[in-house]
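Any read-out appearing in this document is the output of simple, stated calculations on the displayed coordinates, not a laboratory observation. Here the structure is a predicted model, which is why all the values come from computation and not from measurement. Ideal geometry is used to build each Cβ from the backbone, glycine not excepted, and the neighbour counts take in all protein chains shown.
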Amino acid sequence: MTGNTQNLPMQDKEILNDSLATQKELTSSYNTVANECAMPALRDEMMKILHEEHQIQVNLFTEMQKRGWYPTPLAQQEKVQCAKEKFSQPQG
């Protein structure tokens, strides 16, 4: 085996992983644009697109989870409680 994988087709897992990474980048970019829009109509349109892109991201994430390709272990209850306390305190 030569190690040359350039001509091999991508498998489903690779395609979904690549698509999810792309969606993360897209939502980040649209979020920046929406934050910096001075015109309300343009901001509203960017927010609609951002919402659509987030939904695509959720769909990809859910599909990967269903297939066991994106495991999300449950958090320990102690850590959950600590985070709740941290973020429920007034910031000052």
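Output the residues belonging to the stretch 60-92 that are closer than 16 Å to LYS24 by Cα and touching a helix residue (DSSP H, G or I) at 6+ places or on another chain (Cβ under 9 Å).
LEU60, PHE61, GLU63, MET64, TYR70
Considering every residue within the stretch 40-47, establish whether at least one is surrounded by fewer than 10 Cβ atoms within 10 Å (Cβ to Cβ) and assigned to a helix (DSSP H, G or I).
yes
Does the stretch 15-35 include one or more residues that are without any contact (Cβ under 8 Å) to a residue 12 or more places away in the chain, hydrophobic (A, V, I, L, M, F, W, C), out of contact with any helix residue (DSSP H, G or I) (no Cβ under 9 Å at 6 or more places or on another chain) and outside any helix (DSSP H, G or I)?
Pass one, the stretch 15-35, residues without any contact (Cβ under 8 Å) to a residue 12 or more places away in the chain: 15, 18, 21-22, 25, 28-29, 32, 35.
Remaining after also requiring hydrophobic (A, V, I, L, M, F, W, C): 15, 21.
Subsequent filtering for residues that are out of contact with any helix residue (DSSP H, G or I) (no Cβ under 9 Å at 6 or more places or on another chain) retains 15, 21.
Among the residues that remain, those that are also outside any helix (DSSP H, G or I) are: none.
No, the stretch 15-35 contains no residue that is without any contact (Cβ under 8 Å) to a residue 12 or more places away in the chain, hydrophobic (A, V, I, L, M, F, W, C), out of contact with any helix residue (DSSP H, G or I) (no Cβ under 9 Å at 6 or more places or on another chain) and outside any helix (DSSP H, G or I).
Does GLN65 qualify as being on the phi < 0 side of the Ramachandran plot, in a helix (DSSP H, G or I), surrounded by 12 or more Cβ atoms within 10 Å (Cβ to Cβ) and touching a Pro at 6+ places or on another chain (Cβ under 9 Å)?
Here the answer is yes, as GLN65 does meet what is asked.
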